[in-house]
Amino acid sequence: YCKESVELVSLTHPNWIKEIHENYIKAGSNAIKTNTFCCNRTYISDETVLSDCISTSYDLASQYPAYVFCDIGPVSSEWKSYEEYKWVVDQFLNKGAQYFLFETLSNPIGLNEISSYIKSKNKEAYIICSFSIQSDGYTKEEIHIQDIISSLNKDKIDAIGLNCGCGVHHMHEILKEI
């Protein structure tokens, strides 16, 4: 049991994170995520701690024979999305990261710009953008997933996905529609 932010566990209890990664590898996974979903200045205001958390999380995941996806969650509306994504992405790029997962998003703001930026730094980078939708196909910001997909630059974003929000049956039905 830990009362601190899950992301900060990479700094305070790195063995816990290693054990999770090891269990995924033992189960046959060939891809793992960094423990960085909420690693942005919206949630962790101290930039030194934030940078250390991103770096350590990436290092912990990079120890395993797997694709390491830099897990980047949504940013608060108080930050300009592109600028905040860029700050986080630069931390990962400085570590040599190549795989990026922007997940549980409810809007596409800043994704085309950050994807272009990543590809300008590493043409081989692989970028996934995943959106949280409700059973009616809309995000919590009331944007339909089809509108989001239509707005994304498919030349820079390699995969688009759905996560959370609704069950598999609803996601399957929505995907059949679009």
Straight-line reach from LYS121: which lysines have Cα under 17 Å away, leaving out those fewer than 8 places along the same chain?
LYS86, LYS95, LYS156
When the convex hull of the C-alpha atoms of the chain is computed, what volume per residue in Å³ does it have?
131
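Using the heavy atoms of the protein chains and a 1.4 angstrom probe, tell me the accessible area per residue for the range 71-178 in square angstrom.
I get 51 Å² per residue for this part.
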Difference of contour (0.36 nm per residue) and Cα-Cα distance, SER76 to GLN134
18.9 nm
Full-extension gain in nm, THR12 to VAL49, via 0.36 nm per residue minus C-alpha separation
12.2 nm
Contour minus Cα-Cα distance for SER5 and SER150 (0.36 nm per residue)
48.7 nm
What part of the accessible area of the chain, given as a whole %, is carbon or sulfur when the probe is 1.4 angstrom?
49
As a Kirkwood estimate from alpha-carbon pairs, the range 110-174 has a hydrodynamic radius in angstrom of 12.6
Hey, rough spin-label estimate for CYS164 and SER116, points 7 angstrom out along Cα→Cβ, what's it come to in nanometres?
2.8
Rounded to the nearest Å, the spacing of the alpha-carbon centers of the range 108-128 and the range 18-73 is 19
If I fit a long axis through the Cα atoms of helix 111-121 and take the longest principal axis of the Cα atoms of the chain, what angle between them do I get, 0 to 90°, rounded to 10?
50
SER135 long-range amide H proximity, modeled H, under 5 Å:
none
Just the accessible area for THR56, please: 1.4 Å probe, Å², rounded to the nearest 10?
40
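The values are calculated or read from the model by the stated rules, or taken from the named source; none is laboratory data. Worth saying up front: this structure is predicted, and the values here are computed from it rather than measured. Note that each Cβ is placed from the backbone with ideal geometry, even for glycine, and that neighbours are counted across all protein chains shown. The accessibility values were calculated without ligands, DNA or RNA, using every heavy atom of the protein model including side chains. Shrake-Rupley method; radii C 1.70, N 1.55, O 1.52, S 1.80 Å.
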